[in-house]
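Shown next, in structure tokens, is the structure this report addresses.
The values are calculated or read from the model by the stated rules, or taken from the named source; none is laboratory data. Since we're looking at a predicted model, the values are computed, not measured. For neighbour counting, all protein chains shown are included, and Cβ atoms are generated from backbone atoms with ideal geometry for every residue, glycine included. In case anyone asks, the SASA skips ligands and DNA or RNA and just uses the protein heavy atoms, side chains included. Shrake-Rupley method; radii C 1.70, N 1.55, O 1.52, S 1.80 Å.
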Amino acid sequence: MKIQENCGLFGLFSKSDCAQDIYQGIDFLQHRGQEYCGMATWLEGIRLITHHGKVLNTFSDAELSYLEGHFGIGHVSLKERQPVRWYSNMGEIAVAFSGNVINADELIQEMLSRGKAFTGRFDIEVIAKIIMEESDPVAGIAALAKAIKGAYTLLVLTGQGIFAARDVWGFRPLVLGVGELGYAVSSESRALHNLDMEVIRDVQPGEIVLLNKEGFTTVRQLDSPGRAHCAFEWAYTSSIDSFAEGVSVQKARNDIGAKLAERDLEEGEIQADLVAPVPMSGVGHAIGYHMRSKINYQEVFLYNRYADRSYTQSTQVAREKMAKRKLSVLRHAVKGQRIILCDDSIVRGTQILNKVRELKEAGAREVHVRIACPPLMYPCDFGISTRTYDELLARAYMYRGDINTREQLQSLEKWVADRIQADSVRYNDLSAFVQAMGLPQKHLCLKCFNGHNPLVVNGTSR
């Protein structure tokens, strides 16, 4: 298995040239992927530039000047260059998406049997070719819902405007905004807020929206069998200043951290001098723990703002190097202290092991690790990444089955604490985690925790 898509989308229909504002929009989404970035605008046809690297480090003033036009789309990615331009029977289009097409290989083989050609085995090619087989963009986007198993948010740039769409389950977020600039769509609300735009609403699961000079128009609403919003958006992926499905990411993380503190207060035993995060993903959780427990909050790591997110690197070696580069220990704050250390999740366990070691080497008296998410028990199919079971630390303890009782959870926690050399480890259980997020459990995808695939009912795909 390999790392899959974790991307950011931004589209703008502006009252003036749009390139500078799209450039800023995708920069505000840079945390969703740092390997590639790209922009496409429309001026009597598509103008397209993509880069390997970050937004601020790659686009030149000359390139932004070349990207003329009042409307366009932008993309940041971990995996590949987007947007991609195509010449088709519906005219010239550019396509960008975020997500994961689970049945991509099957679809590619079927298309190859019909004489289609591919430059590579990229999901974006599969999506674009399905769209272009129809007579118009709306019919093409609607066809994706029948053909694709997986998750996607999508922007299609045409001479008519920008078509924005979300899969029928709503796995990944997509938000509409309006302001003096014009009309925009974004993977996260933070890009809209920072461009002084007002968030109007989320694109609904299965909805296809056209952005043009008239504003937003729902051109089709596909039947949605239910909702399956990725819970990791609130626990890790989205920026803490964003809102998704009307829920503040900051509030969700604070409440998730507070649930950890409530469990410690309920079960007792832990005495600590300070609460600290593993920056940056643990900050909101640690603040919530601090507010509920009344234990002092103190940073124990200095975050290197020029480093990338270690989780969104494309290889394990790169993840470990980036994790080492991005944090250094604040030794004065650590020496002799009993520390509650909060983070979002434990995947392989390598990085949290290193953080615990570093704190103890700097003189920490005790390190008690508190993890916001429940134990990761299943590979993710829908966008954060796709992993083997062997890469999940919890599966090294429990090869089969699920954590169903508090006793099972406590037994796992003792084993993990020994593996990462912590004085104790506690996770939120699934019930506490969901309750803290403020959304109904039936509206969330929790497959990586409980194995329940929203696409499958009674063993049958839907």
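Worth a mention:
- Count of the range 388-446 residues which are of a type in the set (G, A, S), closer than 30 Å to P225 by Cα and outside any helix (DSSP H, G or I): 2
- The single condition from (1) modelled with pLDDT of 95 or more; (2) surrounded by fewer than 22 Cβ atoms within 10 Å (Cβ to Cβ); (3) hydrophobic (A, V, I, L, M, F, W, C) that I371 fails is (2).
- E133 passes every criterion in (1) farther than 30 Å from P375 by Cβ; (2) open to solvent by less than 10 Å² (accessible area, probe 1.4 Å); (3) of a type outside the set (S, T, N, Q) apart from (2).
- Within the range 263-291, the set of residues being under 27 Å from the mean Cα position of the chain (by Cα) and assigned to a helix (DSSP H, G or I) comprises V283, G284, H285, A286, I287, G288, Y289, H290, M291.
- Scanning the range 1-54 for residues that are basic (K, R), open to solvent by 10 Å² or more (accessible area, probe 1.4 Å) and either in contact with a strand residue (DSSP E or B) (Cβ under 9 Å, 6 or more places away or on another chain) or modelled with pLDDT of 95 or more (or both) gives K15, R47, K54.
- Strands (runs of 3 or more DSSP E) wholly inside the range 185-257 containing at least 2 residues that are under 22 Å from H285 (Cα atoms), of a type outside the set (D, E, K, R) and touching a strand residue (DSSP E or B) at 6+ places or on another chain (Cβ under 8 Å): none
- A search for C-beta distances below 6 Å between a residue of the range 401-427 that is closer than 21 Å to D344 by Cβ and any residue that is of a type in the set (D, E) and open to solvent by less than 20 Å² (accessible area, probe 1.4 Å), counting only pairs 6+ apart in sequence or on different chains, returns V425/E413; R426/E413.
- Of the residues making up the range 55-100, those that are outside any loop (DSSP other than H, G, I, E, B), over 17 Å from L9 (Cα atoms) and open to solvent by less than 70 Å² (accessible area, probe 1.4 Å) are T58, E63, L64, W86, S88, G91, E92.
- Among the criteria (1) at pLDDT below 95; (2) over 22 Å from I256 (Cβ atoms), the one N404 does not fulfil is (2).
- For the range 218-231, the set of residues classified as more than 16 Å from P173 (Cβ to Cβ) and open to solvent by 60 Å² or more (accessible area, probe 1.4 Å) consists of T218, R220, Q221, D223, P225, listed by residue number.
- Some residue of the range 354-366 being modelled with pLDDT under 95, part of a loop (DSSP other than H, G, I, E, B), at negative phi and open to solvent by less than 20 Å² (accessible area, probe 1.4 Å): no
- The range 403-440 - residue that is among the acidic types (D, E) and crowded, with 16+ Cβ neighbours inside 10 Å and, of those, farthest from the chain's Cα centre (by Cα): D423
- Taking the range 116-136 as the range and being within 15 Å of N100 (Cα to Cα) and acidic (D, E) as the test, the residues that pass are D123, E125.
- Among the residues of the range 138-184, those that are charged (D, E, K, R) and part of a loop (DSSP other than H, G, I, E, B) comprise K149, D167, R172, E180.
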